[in-house]
Amino acid sequence: MTAITVVAFLCTLVAGFCLRTLNLRHLKANGATVPPEFEGAVEPETLRRAVAYTIDQSRFGLVESLFDNGLLLLFLFGGVMAAYDRWIGSLTGSPVLAGVLFFLVLTLVQTLLGIPFGLYETFRLENRYGFNAMTPGLWFSDLAKSTMVSAVLTGLLVFGAFALIAWRPSAWWLWVWGFFAVVSLFLMYLSPVLIEPMFHRFEPVREEGLEAEIKAMAEKAGLSVSRVMQVDASRRSRHSNAYFTGIGRVKRIVLYDTLIRQMTHREILAVLAHEIGHWKKGHIRNRLIMTQLGALATAWLAWRLTAWDGLPGIIGLADASLAARFVILGFLGSIVSFPLTPFSSWLSRRHEREADRFATQITGDPEALASALVKLSTENLANLHPHPLYAAFYYSHPPVVERVRALRAMAATPRTLH
């Protein structure tokens, strides 16, 4: 059983490596060609840098993945987890406290091991292409705050889950699922007003007339937005974006200050109309429902499998604590979920196309969103030539060239907007 598990995991790694290689070969063969949709908007030098950036990112991601997965295999199959599990058990006789310590220490070690990769990515890779704006002091400050937030949330979630398991061992799966669902909902309210301001400075949009235009468009779409904010993203990166955050009364639109500088009002409104489309089309609600249903099924399955005596044997152990059994299940879940990745990606791309169509309907201006996407892709050095199979497997958004082409087809046939 152990050999089968290792082989299955290695197969997922090899499949991912093959897809990555296929994508890079396709990019090297076609990367010098400017797509018709980008003619006049992207210079050959910019295209060359975009190709180099994609290749460097992919190589860096491969090295990081090999390191992480090598450590994972060593931890699970090299006797490290068994020794770690025994050590944690020797520190306390409380199953609840043992569970909290198990995951807290593991999370801290993962954070420490990830520091060299984070430093390289930020101060070498992103610097090389002019994206990084962080100082080492700010980077380590963010790391300290994110580690603290992660430790607090991990400790609370694990403590709550293990306390419920001890309280209702015969039906803990339903209680734990309910606890996680409530905490997730609470965090959606809490994050915009407590967690996000720990890392960024938010302020009302200062661009004259832009906030009024955004609110007018949101009202036209039937969406009530409490605040339109801009965030000082340029302190950390020159990448640009915009997003919705929070729910209910704390729901707000957030614009990167880099986005405001790069785009016209028409283009900003088109980008936000796309995000509004996700709300109006029910994508966010449906994704939350699907996530919770999946979490419910996962909790029930975990309840059944953690009680199975044969679970530790899958990785060659005679026995394992409950916390270790959860780690084993997470490992098995990564194997099982890998073949499902294309379906999740397809569903996400379908939602993105629907949001694009909604944006053209609410603004009546498909070209504004098309030009915004061209600018976003050019400024962020996006890959304009992904391999179709790689994109089908991993891409949560349709390739940008396809999106621009579809939007300009809408602009050429106004009747599709009605």
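Below are the figures for this structure:
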| quantity | calculated |
| --- | --- |
| Single unsatisfied condition, residue 29 versus (1) in contact with a helix residue (DSSP H, G or I) (Cβ under 9 Å, 6 or more places away or on another chain); (2) among the hydrophobic types (A, V, I, L, M, F, W, C); (3) surrounded by fewer than 12 Cβ atoms within 10 Å (Cβ to Cβ) | (1) |
| Checklist (1) exposed (fewer than 15 other Cβ atoms within 10 Å of the Cβ); (2) of a type in the set (Val, Ile, Thr); (3) within 26 Å of residue 373 (Cα to Cα) applied to residue 34, failing item | (1) |
| Residue tally, condition aliphatic (A, V, I, L, M) and without any contact (Cβ under 8 Å) to a residue 60 or more places away in the chain, over region 172-184 | 2 |
| Residue 211 being closer than 30 Å to residue 357 by Cα, modelled with pLDDT under 85 and touching a Pro at 6+ places or on another chain (Cβ under 7 Å) | yes |
| When residues of region 321-343 are limited to those that are of a type in the set (Ser, Thr, Tyr) and either in contact with a helix residue (DSSP H, G or I) (Cβ under 7 Å, 6 or more places away or on another chain) or not in a helix (DSSP H, G or I) (or both), the one nearest to residue 106 (Cα to Cα) | 321 |
| Single match in 277, 310, 294 (criterion: more than 18 Å from residue 73 (Cα to Cα), part of a loop (DSSP other than H, G, I, E, B) and not charged (D, E, K, R)) | 310 |
| Strands (runs of 3 or more DSSP E) wholly inside region 153-260 that include at least 1 residues being β-branched (Val, Ile, Thr) | 227-231, 242-245, 252-256 |
| Selection status of residue 384, crowded, with 18+ Cβ neighbours inside 10 Å and not in a helix (DSSP H, G or I) | yes |
| Some residue of region 235-247 being over 30 Å from residue 366 (Cα atoms), at pLDDT 90 or above and not hydrophobic (A, V, I, L, M, F, W, C) | yes |
| Enumeration of residues in region 61-85 that are more than 20 Å from residue 12 (Cβ to Cβ) and surrounded by fewer than 16 Cβ atoms within 10 Å (Cβ to Cβ) | 79, 80, 83 |
| Those residues of region 312-325 which are out of contact with any Leu (no Cβ under 6 Å at 6 or more places or on another chain) and hydrophobic (A, V, I, L, M, F, W, C), in sequence order | 314, 317, 318, 320, 322, 323, 324 |
| Condition broken by residue 334, with the remaining ones in (1) surrounded by fewer than 19 Cβ atoms within 10 Å (Cβ to Cβ); (2) in contact (Cβ under 8 Å) with a residue 60 or more places away in the chain; (3) over 30 Å from residue 298 (Cα atoms); (4) not charged (D, E, K, R) satisfied | (3) |
| Any hit, region 98-114, residues being under 30 Å from residue 380 (Cα atoms) and surrounded by 14 or more Cβ atoms within 10 Å (Cβ to Cβ) | yes |
| Residue 51 vs. criteria surrounded by 15 or more Cβ atoms within 10 Å (Cβ to Cβ) and outside any helix (DSSP H, G or I) | no |
| Failed item, numbered, when residue 109 is tested on (1) closer than 27 Å to residue 145 by Cα; (2) in a helix (DSSP H, G or I); (3) in contact (Cβ under 8 Å) with a residue 60 or more places away in the chain; (4) not aromatic (Phe, Trp, Tyr) | (3) |
| Residues located in region 361-415, provided they are closer than 21 Å to residue 243 by Cα, without any contact (Cβ under 8 Å) to a residue 60 or more places away in the chain and basic (Lys, Arg) | 403 |
| Yes/no for residue 318 being assigned to a loop (DSSP other than H, G, I, E, B), without any contact (Cβ under 8 Å) to a residue 24 or more places away in the chain and either closer than 30 Å to residue 32 by Cβ or among the small types (Gly, Ala, Ser) (or both) | yes |
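The values are calculated or read from the model by the stated rules, or taken from the named source; none is laboratory data. None of the values given here were measured: they were computed from a predicted structure. Don't worry about glycine lacking a Cβ; one is built from the backbone with ideal geometry, like all the others, and counts go over all protein chains shown.
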